[in-house]
1. Being of a type outside the set (D, E, K, R), closer than 17 Å to residue 31 by Cα and touching a helix residue (DSSP H, G or I) at 6+ places or on another chain (Cβ under 9 Å) is true for just one of 136, 118. Which residue is that?
2. Being touching a residue at least 40 places away in the same chain (Cβ under 8 Å) and assigned to a loop (DSSP other than H, G, I, E, B) is the filter here, so list the residues in the stretch 43-71 that pass it.
3. State which residue pairs qualify: first residue basic (Lys, Arg) and inside the stretch 85-107, second residue in a helix (DSSP H, G or I) and surrounded by 17 or more Cβ atoms within 10 Å (Cβ to Cβ) in any location, beta carbons under 8 Å apart, and separation of 6 or more residues or different chains.
4. Out of the residues in the stretch 133-143 that are in a loop (DSSP other than H, G, I, E, B) and touching a Lys or Arg at 6+ places or on another chain (Cβ under 8 Å), which is nearest to residue 51 (Cα to Cα)?
5. Only one residue in 162, 111, 107 is surrounded by 21 or more Cβ atoms within 10 Å (Cβ to Cβ) and out of contact with any Pro (no Cβ under 7 Å at 6 or more places or on another chain). Which one?
6. Can you tell me how many residues within the stretch 138-160 are of a type outside the set (Val, Ile, Thr), in contact with a Ser or Thr (Cβ under 8 Å, 6 or more places away or on another chain) and at pLDDT 95 or above?
Amino acid sequence: MQTEAGTPLTTSAGPRRTPTRTRLLTVLGSVAVLGYLLDQGTKAWANAALDPARPRDLVGPVLKLHLTHNAGAAFSMATNATWVLTLIAMAVIAATIFAARRIGSRAWAVALGLLLAGAFGNLTDRFVRPPRGGQGHVVDFLELPHWPIFNVADMCVVCAAALIALLAIRGIGIDGRRAGASGDTTDAGERTDTAASSERRSDDDD
C-alpha cells in the first residue's frame with residue numbers, strides 16, 4: 001500500500017529481480033554438463049549392452065534400441081564428409097560460447113546449454129571412437145518408425161532448436177529483451193532492477 005505521498009505502490013514481496021549473468025551462465029553450464037554426461041553414459045551402455053544385429057523393443061514397436069555407428073549425419077547423409085560435420089560441430093560450439101556472453105534469459109540459457117551438450121556429445125565421438133581423429137563414428141541407438149536412428153545428443157540439439165524457434169517467434173532476444181519493446185524488459189516482460197530503481201528515484205524527487 002501507499003503509506004506516504006510520493007511513495008510508489010509496491011507489492012509485499014517487492015520488485016522482482018532479474019537473474020544475474022552469473023546465475024544464467026550457471027544454468028547454461030549445468031544443462032550442458034548434465035546433457036553431455038547423459039549422452040556419453042547412454043552411449044557407453046549401448047556399446048556394452050546392445051548387439052547391432054539384434055534390435056530390442058523398448059516401447060513396443062514405437063521405440064526400439066538399435067545400435068549403429070554413424071559416420072555421417074541423419075539419414076546416413078555425408079558419410080564421406082565426416083570432417084565437414086566435425087568442423088560444423090566445432091563452429092556451433094564456438095558460436096554458442098560467443099553468444100553466451102550476452103545471455104539475459106533463463107530460457108535462452110537452457111537452449112544454449114542443450115545445444116552445447118548435443119554438439120560436444122557427438123563431437124566427442126568423432127575424436128575418441130574409431131577411426132578417431134575427427135572422423136570417428138557416432139554411436140546411435142534409439143529408433144523410431146520411419147526416422148533415422150539417433151542418440152541423446154541429437155535429442156538435445158532438436159530440443160534446443162525447438163526452444164530457440166519458440167523464443168524467436170515470441171520475439172525474445174538472447175539478452176532477454178522483447179523485440180520492439182520500450183525500455184529494459186526481461187523475457188517475462190518484467191522491468192529490470194535498474195529501471196525500477198530509476199522510477200522510484202524519480203517519484204521521490206517529485
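The values are calculated or read from the model by the stated rules, or taken from the named source; none is laboratory data. It should be emphasised that the depicted structure is a prediction, and the values quoted were computed from it without experimental measurement. Note: ideal-geometry Cβ built from the backbone for every residue, glycine included; neighbour counts use all protein chains shown.
1. Of the residues listed, the single one that is of a type outside the set (D, E, K, R), closer than 17 Å to residue 31 by Cα and touching a helix residue (DSSP H, G or I) at 6+ places or on another chain (Cβ under 9 Å) is 118.
2. Result: 50, 55, 61, 62, 71.
3. That search, which allows pairs on different chains as well, returns 106/24; 106/27.
4. 137
5. Just one listed residue meets the conditions, 111.
6. Counting residues in the stretch 138-160 that are of a type outside the set (Val, Ile, Thr), in contact with a Ser or Thr (Cβ under 8 Å, 6 or more places away or on another chain) and at pLDDT 95 or above gives 3.
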